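Asks: Below are the structure tokens for one structure; questions will follow.
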Amino acid sequence: MNVLKKDSRNPIYRLPIYGAAADIKLGAFLKRGPTPATDNGMLIKASGASAIPDVIGRIGEGLDYSVDGETLIAGTAFVTKLVTLAQPFNVFRVEYDLTSLITCTQAVSTTTMTVSSLEDNIDAHFQYVMGGTGIGQTNYAVASASGACTLKAAYGTALDTSSTFIKILPRFHQLLSLNSDGTKIASQAAAGAIKGIVIDTIIERNSDGGRQMDPTKHAALTGLNGARSLRFYADITIRDTIPYSVD
């Protein structure tokens, strides 16, 4: 396996890659996938002579499409490669607040989920049902529009208006919310207003050290409310800071 020499200044992550059914060469620069329902929550090749917004880093392993395949928004394939982040910025691991909840506004018995004011373009986000009917389940959204999303599969136990859940943001999402203490990521149906970016997403059960969330493995978990301990995290960086204001 060919890997770029590590730059000690910049962190290296294993992140989901989409090549549009084509190879990506070792050393190619990567950017945040900008297209909902196609490459949201993934990295794609950055190339050409025009402006390239939101470059994340450089791939440290080539993507051989015929061998590796690629990450798919449907949640049926999750292919990651080593990526050296483009800047030596701080990445913070921040826990999701399990007391900051969204209430279901309609029953959810199929793959269609309607939630009042749900933000647009959060394809590839996960959900965890924290309370009410269907407690302890996860799901994954393959598509989204303002006020609704399409799930990878129907919840095993249908949800109703007693159900509450947290919204686990998709990778490379650029709007966040924090809880009132400023210590954890808060959930709300609408988009947050803090300019940051999610680098990765982690689930930790029974103090197992944490696992990268993967829609082929973590989209239909059940019984998590019975775990001895359960936490969800996002590795994030803040874009709007004193020396690097994006306002």
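Asks: For region 187-238, enumerate the residues that are outside any strand (DSSP E or B), without any contact (Cβ under 8 Å) to a residue 60 or more places away in the chain and of a type in the set (A, V, I, L, M).
Replies: A193, A227
Asks: Name the pairs: first residue in region 95-114 and under 17 Å from H125 (Cα atoms), second residue among the acidic types (D, E), Cβ to Cβ under 7 Å, at least 6 apart or on different chains?
Replies: Once the first residue is under 17 Å from H125 (Cα atoms) and sits in region 95-114, its partners that are among the acidic types (D, E) give C104/D160.
Asks: Residue by residue through region 116-129, note down the ones that are over 24 Å from D54 (Cα atoms) and surrounded by fewer than 22 Cβ atoms within 10 Å (Cβ to Cβ).
Replies: S116, S117
Asks: What residue, of L30, L43, L15, L26, is more than 28 Å from A186 (Cα to Cα), at pLDDT 95 or above and surrounded by 19 or more Cβ atoms within 10 Å (Cβ to Cβ)? Before the answer, list the steps.
Replies: On the way: L43 fails: more than 28 Å from A186 (Cα to Cα); L15 fails: more than 28 Å from A186 (Cα to Cα); L26 fails: surrounded by 19 or more Cβ atoms within 10 Å (Cβ to Cβ).
After ruling out the rest, the residue left standing is L30.
Asks: Looking for whichever is within 20 Å of F78 (Cβ to Cβ), surrounded by 14 or more Cβ atoms within 10 Å (Cβ to Cβ) and more than 16 Å from the chain's Cα centre (by Cα) here; the options are L224, L151, L178, L230. Which one fits?
Replies: When all the criteria are applied, what remains is L224.
Asks: Being in the same structural domain as N121 (by TED's automatic domain parsing), in a loop (DSSP other than H, G, I, E, B) and without any contact (Cβ under 8 Å) to a residue 24 or more places away in the chain: is that true of D181 here?
Replies: Yes, satisfied.
Asks: Quickly run through region 95-115 and pick out the residues that are surrounded by 17 or more Cβ atoms within 10 Å (Cβ to Cβ) and in a strand (DSSP E or B).
Replies: Once the filter is applied, which keeps residues that are surrounded by 17 or more Cβ atoms within 10 Å (Cβ to Cβ) and in a strand (DSSP E or B), region 95-115 yields Y96, I102, V108, M113.
Asks: Let me ask something else about it. Of the residues G209, G156, which single one is surrounded by fewer than 22 Cβ atoms within 10 Å (Cβ to Cβ) and on the phi > 0 side of the Ramachandran plot? Let's see the steps before the verdict.
Replies: Values: G156 fails: on the phi > 0 side of the Ramachandran plot.
After ruling out the rest, the residue left standing is G209.
The values are calculated or read from the model by the stated rules, or taken from the named source; none is laboratory data. These figures come from a predicted structure and were not determined experimentally. Reconstructed Cβ throughout: ideal geometry from the backbone, glycine too, with neighbour counts over all protein chains shown.
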